[in-house]
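Have a look at the structure below, then the notes.
The values are calculated or read from the model by the stated rules, or taken from the named source; none is laboratory data. Remember, predicted model here, so these are calculated numbers, not experimental data. Positions of Cβ are backbone-derived with ideal geometry, glycine not excepted, and every protein chain shown enters the neighbour counts. When the accessible area is computed, the model is the full protein with side chains, heavy atoms only, and any ligands, DNA or RNA have been set aside. Shrake-Rupley method; radii C 1.70, N 1.55, O 1.52, S 1.80 Å.
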Amino acid sequence: MLIRRKPGWWMPESAATPRDVFLNRRAFMAASGVSIAGALLPAGIARAAGEDPTAVLYPAARNTAFTLDREITPAKFNLAFNNFYEFGSHKQISKAAQALKIRPWEVKIDGAVEQEMTLGIDELIRKMTLEERLYRHRCVEAWSMAVPWTGFPFAKLVELARPLSTAKYVRMETFQDPAMAPGQKQSWYPWPYVEGLTIEEATNDLAFLVTGAYGEPVAKQMGAPLRLATPWKYGFKSIKSIVRFSFTEERPQSFWEEILPSEYGFWANVNPEVPHARWSQASEEVLGTGEKVPTLLYNGYGEQVASLYSNLEGESLYM
Ligand SMILES: Nc1nc2c(c(=O)[nH]1)N[C@H]1C(S)=C(S)[C@@H](COP(=O)(O)O)O[C@H]1N2
Ligand SMILES: [Mo]
């Protein structure tokens with residue numbers, strides 16, 4: 001595992017093993033005949049790595065433009081506490097999510113683009129340069145975490161897609177396979193999970209397409225093999241296990257918006273001063289600590305994203 005364990009619940013960011021130390025340890029493990037996956041990784045991560053031909057690309061170099069003022073949430077918490085309704089409408093879905101088959105995995109790019117295309121996930125990943133970024137994550141349910149994601153800027157996918165000038169939004173879709181993901185047998189949900197961003201949001205520096213976490217391919221329960229991270233928005237925008245990007249003129253309707261439009265909107269920007277219909281958003285519980293901290297406007301990323309919303313008075317930007 002990339003992060004050195006320390007006693008207690010917490011581990012400062014500085015305790016994350018630097019890349020060269022990790023690589024040396026990897027060389028040592030190989031020389032001594034010990035399996036890296038078996039010895040160092042929690043089971044969920046190890047299984048995902050075994051199926052993933054691009055596993056050799058991790059760990060990727062950290063982009064130090066995206067660091068944190070807070071400690072990284074140890075992987076064990078994020079691996080055991082997940083929202084992934086395709087596998088159940090509770091947090092303990094990590095075991096069930098191991099049924100997710102992540103290869104072969106095709107990603108379709110369609111809609112208002114110069115040419116529609118379908119790429120294998122490994123082909124897509126190899127077109128990109130992977131980097132690691134430390135991001136906060138704030139769930140609408142008022143808990144938060146801090147994660148070392150690996151992936152590539154969403155802007156690079158938009159560049160690859162070459163959208164037409166008529167395209168204003170990107171609609172994203174998760175896989176649809178009720179036999180594999182029993183949550184999708186719950187027919188009162190509008191499967192597949194859908195999310196959307198404006199093209200301006202998708203090409204903002206912060207919008208990140210995740211293929212890895214904690215220095216390894218991203219675990220299945222965390223949305224392998226491709227998920228979104230938009231850290232200034234509530235976590236439900238960060239759609240998991242994406243199979244399709246459609247460029248559209250019309251604003252897509254997202255999964256939660258379709259279920260409960262009075263509580264979950266399209267924009268979903270984090271704002272401590274705008275309560276959810278049923279609870280306050282003023283503070284958040286930091287996963288794994290029991291600690292409550294104040295929530296920040298745009299989850300602390302206002303400098304990078306506030307300008308995206310300057311001409312949208314009248315829109316419900318914060319739900
Ligand atoms: N396809 C899909 N994506 C999803 C969800 C989901 O249920 N299905 N839940 C969302 C919510 S509410 C959150 S908070 C994050 C949780 O990510 P994590 O399990 O890695 O913490 O995933 C988001 N992406
Ligand atoms: Mo969430």
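Couple of notes before you dig in:
- Residue in region 233-243 that is away from ligand 2 (no atom under 16 Å from the Cβ) and not basic (K, R) present: yes
- Matching strands (runs of 3 or more DSSP E) fully within region 102-150 where at least 2 residues are touching a residue at least 40 places away in the same chain (Cβ under 8 Å), buried (at least 22 other Cβ atoms within 10 Å of the Cβ) and within 15 Å of the chain's Cα centre (by Cα): 131-138
- When residues of region 194-233 are limited to those that are more than 25 Å from P163 (Cα to Cα) and assigned to a strand (DSSP E or B), the one farthest from the chain's Cα centre (by Cα): E216
- Residues located in region 54-100, provided they are open to solvent by 60 Å² or more (accessible area, probe 1.4 Å) and among the β-branched types (V, I, T): V56, T64, T67
- Checked against the criteria, V170 does not count as surrounded by 20 or more Cβ atoms within 10 Å (Cβ to Cβ), over 21 Å from K95 (Cβ atoms) and free of Cβ contacts under 8 Å to residues at least 60 places away in the same chain.
- Residues that are open to solvent by less than 40 Å² (accessible area, probe 1.4 Å) and either at pLDDT below 95 or within 18 Å of E71 (Cβ to Cβ) (or both), drawn from region 290-300: V293, T295, N299
- Across region 244-261, the number of residues qualifying as within 15 Å of ligand 2 (Cβ to nearest atom) and either under 10 Å from the mean Cα position of the chain (by Cα) or surrounded by 24 or more Cβ atoms within 10 Å (Cβ to Cβ) (or both) comes to 1.
- Residues that are within 21 Å of A112 (Cα to Cα) and of a type in the set (D, E) were ranked within region 173-199; the one that is least open to solvent (accessible area, probe 1.4 Å) is E195.
- Summed over region 138-162, the residues that are more than 16 Å from ligand 2 (Cβ to nearest atom) and among the acidic types (D, E) give a count of 1.
- Flag for F236 being closer than 23 Å to A80 by Cβ and either outside any loop (DSSP other than H, G, I, E, B) or without any contact (Cβ under 8 Å) to a residue 60 or more places away in the chain (or both): yes
- Residue match in region 11-31 (condition: under 30 Å from A181 (Cα atoms), modelled with pLDDT under 50 and among the aliphatic types (A, V, I, L, M)): no
- In summary, A224 fulfils each of the numbered conditions (1) over 26 Å from Y318 (Cβ atoms); (2) surrounded by 24 or more Cβ atoms within 10 Å (Cβ to Cβ); (3) near ligand 1 (Cβ under 9 Å from one of its atoms) with the single exception of condition (3).
- For region 78-94, the criterion of a residue being part of a strand (DSSP E or B) and at positive phi is satisfied by no position.
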